[in-house]
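Rule-based calculations on the coordinates, nothing more; no lab input. This is a predicted model, so every value here is computed, not measured. Cβ atoms come from the backbone with ideal geometry, glycine included; neighbour counts cover every protein chain shown.
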Amino acid sequence: MKKILAVSAFVALVMMLAVSLSFAQEEMTMEEYNAQLAEWQQREADAKAAIETTEQEIEEIKNEIAQVEDEIKNEWQEIYALLGVTEEDVNDYRNNLDGLESEVDGLASLPPEELFKRRQEIDQLEENLNNMKESNIALLSEMQNKIAEIEGKIMALRNSMPKAIYDEYTVVRGDYLWKIAGKDDIYDDPYQWMRIYTYNKDQIKDPDVIYADQIFKIQREVGPNEYLVVKGDWLGKIASNPEIYNDPTKWTKIFEANQEFISDKNMIYPYQVLTIPE
């Protein structure tokens, strides 16, 4: 009930104010009306003048911007001429850089083991980037910044990539290398005992002597600076491989790096894992 009375009182007050304003308007003289009308007309004229002035200022600013843009465009044309390229060449170069960066970003989403398997793609992307650096367009600061950014991403990929992919095997009593290599979940081939031996040369001094609880690395993928000997290989042939040195005379580098288990330079065996010095 109190709320209803309060609302009724408020409505009555509003109606009284409306009536008062109506009387006030009816009591306005023609002289007062003309004075107020003249004031509003002056305000309107002032506003239109201000708008016109503002529009003129905007037009002047647009002209200044257009002039500056023309100057910038001319400056760039001079720069392109000095570099011996066109604006279209620069745009194509930028797009190619963006595409290369997208490929690098795509690889960054892969787990480290998958990165290792696709390391040749990383090498190819880095080679492509190095080739792009040979262009005069790479001298532009925009491109230098982008190239540096991509190089950083490629370095991050390499740092997150394992040096090699391998499993681990814990030696149990009664094991020997031939037996371990022949297991189904290892190599299923006892002749690959040499692979276990040479890949764990830091733990195995004598291939005939191993101990229970030793943990051996079981190589699954050949890593950088490694080579898995196959039947028919010799040091000169390995050194002549384009992916190694592409020079048979550099066999001595391989020999010197693997003297722990290569006593005769003329005798190497299948499944040996050789270290390839850079």
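Assorted remarks:
- Across G236, G99, G174, mean-square fluctuation computed from a Gaussian network of the chain (C-alpha pairs under 10 Å connected) peaks at G174.
- Dipole moment magnitude, nearest 20 debye, the chain about Cα centre, only Lys, Arg, Asp, Glu C-beta charged: 2440 debye
- Calculated from backbone phi, Karplus (6.51, -1.76, 1.60) coupling profile of the stretch 225-236 in Hz, x at Gly/Pro: 6, 10, 8, 9, 5, 10, 4, x, 7, 9, 4, x
- Between Y191 and W76, the modelled label-to-label distance comes to 6.5 nm, taking each label 7 Å out from Cα in the direction of the beta carbon.
- Beyond 20 Å in Cα-Cα separation lie the following of the pairs K217/K253; K179/K201; K231/K265: K217/K253.
- Amide H contacts under 5 Å for I218, placed H, 5+ residues apart: D167, E168, Y169
- Summing charges over neighbours of P112, with a neighbour being any other residue whose Cβ is under 14 Å away from its Cβ, gives +3 when K and R count +1 and D and E count -1.
- Cβ-Cβ FRET estimate between N63 and E127, R0 fixed at 30 Å, reported to 0.05: 0.05
- Computed label-point distance, nm, for sites E134 and K217 using a 7 Å Cα→Cβ extension: 3.6 nm
- Estimated from the Cβ-Cβ distance and a Förster radius of 35 angstrom, the FRET efficiency linking W234 and N145 is about 0.10.
- Reachable lysines, given that their alpha-carbon falls under 30 Å from the alpha-carbon of K133 and they are not under 8 places away in the same chain: K73, K117, K146, K153, K163
- Centroid-to-centroid, using Cα positions, the stretch 51-94 and the stretch 181-210 are 70 Å apart.
- Net length gained if the chain between T53 and K153 were fully extended (0.36 nm per residue, minus Cα distance): 30.7 nm
- Helix-only arithmetic for the chain: the sum of -39500 (n - 2.57) across DSSP H runs with n ≥ 4, divided by the residue total, places the mean residue ellipticity at 222 nm at -20000 deg cm²/dmol.
- Computed label-point distance, nm, for sites A38 and T252 using a 7 Å Cα→Cβ extension: 11.3 nm
- Excluding exposed DSSP-loop trypsin sites (Lys or Arg not before Pro) (at most 11 other C-beta within 10 Å), longest clean stretch of the chain: 1-162
- Computing mean projected area of the Cα convex hull in nm² for the structure here picks out one of [x] 17.9; [y] 38.1; [z] 18.9, namely [y].
- For the options E226, E44, E31, a Gaussian network treatment of the chain with springs between C-alpha atoms closer than 10 Å singles out E31 as fluctuating the most.
- When the chain is treated as a GNM with alpha-carbon contacts under 10 Å, the residue of Q67, Q124, Q41 showing the greatest mean-square fluctuation is Q41.
- For the stretch 86-160, with +1 on Lys and Arg beta carbons and -1 on Asp and Glu, the positive-most of N131, S109, L97 along the dipole: S109
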